[in-house]
Amino acid sequence: MALSKHIKDKLDKLRPNFPTLQALVIPALHEVQHETGMVSEDSMRDIAEFLNLPFMKVREVVTFYTMFNKKPVGKVHYQLCGNIGCWLNGSDKLMDHMEKRLKIKHGQTTPDGKYTLSKVECLGACGSGPVLQVNEDYNENLDVEKLDQLMDDVFKKIDAGENNIGRETYNPEVWP
Amino acid sequence: MMEEKILTKHINTLNCHTLDFYLANGGYNSLKKAFEIGSDAIIEEVKKSNLRGRGGAGFPTGMKWSFMPKNPVDAKGNPKPKYLVCNADEGEPGTFKDRLIMSKNPHSLIEGMVIAAKAVGACRGYIYIRGEFFKEARILQSAIDDARKKGFLGKDILGSKMDFELFVYRGAGAYICGEESALLNSLEGKRGEPRLKPPFPAQVGAFGMPTCVNNVETFAVVPYILEHGGPKFASLGTEKSGGTRLFCVSGQVERPGIYELSMRTTLRELIDIAGGVRGGKKLKAVIPGGASAPMLTATEIDIPMCFDAMMKAGTMAGSGGAIVMSEDVCIVEATSILLRFYEHESCGQCSQCREGSHWLARMFVRIEAGKGTHKDLEMIERICSNMAGQTICAFADAVTGPVLSAVRKFRSEFEDHVRQRRCPQKIASRTIDAMEIDRGRAHV
């Protein structure tokens, strides 16, 4: 499986922005992850080939950055901040609540492949904590009630077969 | 308080992020002025303004710009390009100001960067934004596209014969990439590990070329400095730290958020402006400048939030993010949470930091669970002295700051944990269940 034409075109458009090809590794990984939900060994190889780099130069980048999913994630990736700003406002209680509702522990994916729940460290919105990132979207100032409302909405959207939950502002034509 | 606002003046207006709005309010006038007065005068004006880096280190911006080589050449005598990089990898717990600037006032950042490019002679700029800020990156990108259409970016800007291109580059979730040399490595598509200094970025920066790295807020106030003059900006702050600053207040206060205030504002005033401690509780501790600043106790908060006064008080102004903790919070647990963050984010390049942050995190979990010993407290001091100042970057110092201050200033709490073999606060808060409010509860 090679990189899709869309990704190749997009990377070609980005090429003149950087003096080296290696600088395109992270943009390429972001695009692959957007398309397939994760970064597999195969796609790392494809990127390395496309950018004329040794495989290791791509792989070492993937393992360094936490945003790249090395395993498949659910259709909706819930990332709840557990760092100090959110914790002081009760994010641990929300985490308990989500674990109970989804019947999984954080770091796991539901068996039907719909949801992944992660605990992350600081999303950079401490003033409006607790913060929950749903795919790309930030949801701020949460409490149990709002969280329930949000999870109900997401449930309905998944049921309705929506594909870009939490990715509404994505525009395939432009980077980023 | 009627204080002058620079960045947050129009923040509540609808569509304040658009170019039309920015132009209608005098936007890009400073850029025209910058082209009239030329590079040296720009740097002189910024020096006069006493603007100090808003990312955390507080380095004088004018001086940083003057370190950029005038006409760098490579070994063969060909001229080298110079780069300008904006550090928008905001990830320090307690800091969330750059996100506001980028989503509500992106053109002040762009204008500031073009002025800076004129000052240091850069031909290209990169805005390194943290990967999680999807929306902000898109707002920024469309702002850049708008600015280019109007001729504020690109070739021959406003007929000045200066070319400057600006690109958005998204990171991928690594706190350490906020360190400037790690950021440059990341920008080159490598692992974000800090580099040994010297050489400093002004000599060997992005892609091996001379590079100037500044924070979002630093760039964003530059248009104001040129419009109103350096002395005016300096007069808004203290003697050595000019201007106003975006202070972030988070944690257990009534109205957490971002407040643009003079650098003269004291920490106590800041907390009062944010509505005081939530629920009328007593203040226990404040981390004044983002998670890596040493904590202050409730009696130590009558100091101005400027770089020098904070340094004198044994802490740092850092990125201006105050994290407020009320009497309900168990300091051992709070520090343990912070350490979990540092353990996760240490890049692993230097053993002191990689191992130290890991062991500290484990020890704090143990103490919190009531399984610590008195020896542990001495051990913490020893580990910290082996970490601070021993590594390539300042991350290890950032770990030891809050840890040492917690152990020293709240020693009795640690000793209680050891002696009682449990968290005293947890038991106390359970018995007053009825009084607990939904938010801001320390223990669940």
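The values are calculated or read from the model by the stated rules, or taken from the named source; none is laboratory data. Because the structure is predicted, anything quoted here is derived from the model rather than measured. So basically every Cβ, Gly included, is an ideal-geometry build from the backbone, and we count neighbours across all protein chains shown.
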Exercise for review: Considering (1) part of a helix (DSSP H, G or I); (2) touching a Leu at 6+ places or on another chain (Cβ under 6 Å); (3) of a type in the set (A, V, I, L, M), say which one residue B:166 fails and leave the rest.
Suggested key: (1)
**Study point:** Tally of residues being over 11 Å from the mean Cα position of the chain (by Cα), more than 7 Å from chain B (Cβ to nearest Cβ) and among the aliphatic types (A, V, I, L, M) across the range A:58-87
**Key:** 3
Check your understanding: Within the range B:247-269, restricting attention to residues that are closer than 19 Å to residue B:328 by Cα and surrounded by 22 or more Cβ atoms within 10 Å (Cβ to Cβ), which residue is farthest from the other protein chains (Cβ to nearest Cβ)?
Key -> B:253
Review point. Which one of these is at pLDDT 95 or above and out of contact with any helix residue (DSSP H, G or I) (no Cβ under 6 Å at 6 or more places or on another chain): B:144, B:129?
Key: B:144
Check your understanding: Got a number for residues in the range A:33-53 being within 12 Å of chain B (Cβ to nearest Cβ) and under 28 Å from residue A:137 (Cα atoms)?
Key -> 4
Check your understanding: Which of (1) exposed (fewer than 14 other Cβ atoms within 10 Å of the Cβ); (2) within 14 Å of chain B (Cβ to nearest Cβ) does residue A:28 not meet, given it meets every other one?
Key -> (1)
Practice item. Look through the range B:50-102, keep the residues that are farther than 19 Å from residue B:315 by Cα and of a type in the set (Lys, Arg), and return whichever of them is nearest to the other protein chains (Cβ to nearest Cβ). Key: B:99
Exercise for review: Tally the residues that are hydrophobic (A, V, I, L, M, F, W, C) and either assigned to a helix (DSSP H, G or I) or at pLDDT 90 or above (or both), restricting the search to the range B:1-13.
Suggested key: 2
Review point. Can you name every residue in the range A:1-19 that is of a type outside the set (Asp, Glu) and surrounded by fewer than 14 Cβ atoms within 10 Å (Cβ to Cβ)?
Key: A:1, A:2, A:5, A:6, A:13, A:15, A:16
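With B:74, B:20 as the choices, which residue is farther than 26 Å from residue B:192 by Cα and among the charged types (D, E, K, R)?
Exactly one residue qualifies, and that residue is B:20.
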Practice item. Go through the range B:47-85 and give me each residue that's among the β-branched types (Val, Ile, Thr) and within 21 Å of residue B:305 (Cα to Cα). Key: B:61
Revision key, fill the gap. Among the residues of the range B:163-184, the number that are out of contact with any helix residue (DSSP H, G or I) (no Cβ under 6 Å at 6 or more places or on another chain) and away from chain A (no Cβ under 11 Å) is 4
Practice item. Give the residue that is surrounded by the most Cβ atoms within 10 Å (Cβ to Cβ), with candidates limited to residues of the range B:276-293 that are under 24 Å from residue B:243 (Cα atoms) and either at pLDDT 95 or above or hydrophobic (A, V, I, L, M, F, W, C) (or both). Key: B:287
Revision key, fill the gap. Checked against (1) touching a Gly at 6+ places or on another chain (Cβ under 9 Å); (2) closer than 25 Å to residue B:346 by Cα; (3) modelled with pLDDT of 90 or more, residue A:129 satisfies every condition except (3)
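Answer yes or no: is there a residue in the range B:33-53 that is assigned by TED's automatic domain parsing to the domain that holds residue B:159, among the hydrophobic types (A, V, I, L, M, F, W, C) and touching a Phe, Trp or Tyr at 6+ places or on another chain (Cβ under 6 Å).
Of all residues in the range B:33-53, those assigned by TED's automatic domain parsing to the domain that holds residue B:159 come to B:33-53.
After this cut, where a residue has to be among the hydrophobic types (A, V, I, L, M, F, W, C) as well, the list is B:34-35, B:37, B:41-43, B:46, B:51.
Adding the requirement that they be touching a Phe, Trp or Tyr at 6+ places or on another chain (Cβ under 6 Å) leaves B:43.
Among the residues of the range B:33-53, at least one is assigned by TED's automatic domain parsing to the domain that holds residue B:159, among the hydrophobic types (A, V, I, L, M, F, W, C) and touching a Phe, Trp or Tyr at 6+ places or on another chain (Cβ under 6 Å), which makes the answer yes.
Is it true that some residue in the range B:135-142 is closer than 20 Å to residue B:211 by Cβ and in contact (Cβ under 8 Å) with a residue 12 or more places away in the chain? Walk me through it before giving the result.
Start the filter on the range B:135-142 by keeping residues that are closer than 20 Å to residue B:211 by Cβ, which leaves B:140.
Now drop any that are not in contact (Cβ under 8 Å) with a residue 12 or more places away in the chain, which leaves B:140.
Scanning the range B:135-142 turns up at least one residue that is closer than 20 Å to residue B:211 by Cβ and in contact (Cβ under 8 Å) with a residue 12 or more places away in the chain.
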Check your understanding: Only one of (1) away from chain A (no Cβ under 14 Å); (2) among the basic types (Lys, Arg); (3) under 26 Å from residue B:179 (Cβ atoms) is not met by residue B:32, so which one is it?
Key -> (3)
Check your understanding: Scanning the range B:119-140 for residues that are in contact with a Cys (Cβ under 8 Å, 6 or more places away or on another chain) and aromatic (Phe, Trp, Tyr), which turns out farthest from the other protein chains (Cβ to nearest Cβ)?
Key -> B:128
**Study point:** Residue count for the range A:31-54, restricted to those that are of a type in the set (A, V, I, L, M) and surrounded by fewer than 16 Cβ atoms within 10 Å (Cβ to Cβ)
**Key:** 1
Exercise for review: For the range B:165-184, name all the residues that are surrounded by fewer than 21 Cβ atoms within 10 Å (Cβ to Cβ) and either without any contact (Cβ under 8 Å) to a residue 40 or more places away in the chain or more than 15 Å from residue A:30 (Cβ to Cβ) (or both).
Suggested key: B:165
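This table checks each residue for (1) surrounded by fewer than 17 Cβ atoms within 10 Å (Cβ to Cβ); (2) within 18 Å of residue B:243 (Cα to Cα).
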position: B:20; (1), (2): yes, no
position: B:27; (1), (2): no, no
position: B:48; (1), (2): no, yes
position: B:55; (1), (2): no, yes
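Would you be able to say whether some residue in the range B:315-325 is touching a Cys at 6+ places or on another chain (Cβ under 9 Å), in contact (Cβ under 8 Å) with a residue 40 or more places away in the chain and facing chain A (nearest Cβ under 9 Å)?
Checked the range B:315-325: at least one residue is touching a Cys at 6+ places or on another chain (Cβ under 9 Å), in contact (Cβ under 8 Å) with a residue 40 or more places away in the chain and facing chain A (nearest Cβ under 9 Å).
Does the range A:41-98 hold any residues that are farther than 30 Å from residue B:256 by Cβ and aliphatic (A, V, I, L, M), and which are they? Working first, answer last.
Step one: of the range A:41-98, the residues farther than 30 Å from residue B:256 by Cβ are A:41-64, A:68-75.
If the condition is that a residue be farther than 30 Å from residue B:256 by Cβ and aliphatic (A, V, I, L, M), then A:44, A:47, A:48, A:51, A:53, A:56, A:58, A:61, A:62, A:73 are the ones that fit.
Take the residues of the range B:106-148 that are of a type outside the set (A, V, I, L, M) and touching a Pro at 6+ places or on another chain (Cβ under 8 Å): which is surrounded by the fewest Cβ atoms within 10 Å (Cβ to Cβ)?
Our first condition is that a residue be of a type outside the set (A, V, I, L, M); within the range B:106-148, this holds for B:106-108, B:111-112, B:118, B:121, B:123-126, B:128, B:130-136, B:138, B:141-142, B:145-146, B:148.
So of that shortlist, the ones also touching a Pro at 6+ places or on another chain (Cβ under 8 Å) come out as B:108, B:111-112, B:123-124, B:134, B:138, B:141.
Working: B:108: 24, B:111: 26, B:112: 26, B:123: 14, B:124: 22, B:134: 22, B:138: 19, B:141: 21.
Residue satisfying both the conditions and the ranking: B:123.
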Review point. If only one of A:73, A:39, A:32 is hydrophobic (A, V, I, L, M, F, W, C) and assigned to a helix (DSSP H, G or I), which one is it?
Key: A:32
